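S.K.: Encoded as structure tokens, here's the structure I'll be asking about.
Bear in mind these aren't lab numbers, they're just calculated from the coordinates by the rules spelled out. Quantities reported herein were computed from a predicted structural model and do not represent experimental measurements. Neighbour counts run over all protein chains shown; Cβ positions are idealised from the backbone, glycine included.
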Amino acid sequence: MTIRKILTEPDPFLRQKSQDVEGVDDEIRRLMQDMLDTMYAAPGIGLAAIQVGVPKRIIVIDLSKEEEKKPLYFVNPRVILKSNSKATYEEGCLSVPGQFAEIDRPDRCHVTYLDYNGKQQELKAEGLLATCIQHEIDHLEGILFIDYLSKLKKSFIVKKLSKQKKSLERIVV
Ligand code: K1U
Ligand code: ZN
């Protein structure tokens, strides 16, 4: 089990665009396992590779509530269709610790991706899964949920996180 460090805002690396993966091999599967270990430990319900410092188009999600884990692996995910109707969820982000906000997004989306075995797949998602997929694919474009907030709310959160980071750095040094 490998738990990787999760980058947090305002780390400029989080704003990078992630690149397509050429194929799903053992190295990619090991990365996806590390991402899941990191996500479960946090805990969270999704994670993008860029959040652990790897700019590859890979996301993992697990919305299961029971003991039995049900991980979903998406390599090179692309939203090909979004509904016009919206849903509002209170979103959080492991890269924006301790901050939550209600965000409107299309309530359904249709996504294409490669699965754990590198097989091309399509999924029509709705509800929290649709929200989570869109949140994680945003990470691959360098977008965070706070980018949808007003300038004022966003800058308040970014300043707070910068201060927290600086005071933590002082404790560590
Ligand atoms: O950082 C991330 O991208 C993960 C994020 C995913 C997400 C949450 C809510 C809406 C959209 C996307 C999280 O997992 S934040 C933590 C969280 O939501 C949670 C943690 C423990 C139990 C249940 C939820
Ligand atoms: Zn996030």
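S.K.: Would you list which lysines come within 25 Å of Lys5, measuring only between C-alpha atoms, while excluding same-chain residues fewer than 8 positions from it?
M.R.: Reachable lysines: Lys17, Lys56, Lys65, Lys69, Lys70, Lys154, Lys159, Lys160, Lys163, Lys165, Lys166.
S.K.: Let me ask something else. Which cross-chain or sequence-distant (5 or more) residues have an amide H under 5 Å from the amide H of Ala87, H modelled 1.01 Å from N in plane?
M.R.: Arg105, Asp107
S.K.: Just the C-alpha atoms of the stretch 21-130: what Rg/Rh do they give, with Rh taken as the Kirkwood radius?
M.R.: Values: Rg = 14.1 Å, Rh = 14.8 Å.
Rounded to two decimals, Rg over Rh is 0.95.
S.K.: Please give, to one decimal in nm, the separation of the simple spin-label points placed at Val158 and Glu141, each 7 Å out from Cα toward the Cβ.
M.R.: Result: 1.8 nm between the two label points.
S.K.: Over 15 Å, how big is the tail of the calculated P(r) for the stretch 1-80, in percent of all Cα pairs? Could you put the intermediate results ahead of the total?
M.R.: Working: 1760 of 3160 pairs.
Tail of P(r) above 15 Å: 56 percent of Cα pairs.
S.K.: Let me ask something else about it. Measuring from label point to label point, each 7 Å out along Cα→Cβ, what is the Val79 to Gln121 span in nm?
M.R.: Spacing of the two 7 Å Cα→Cβ label points: 1.9 nm.
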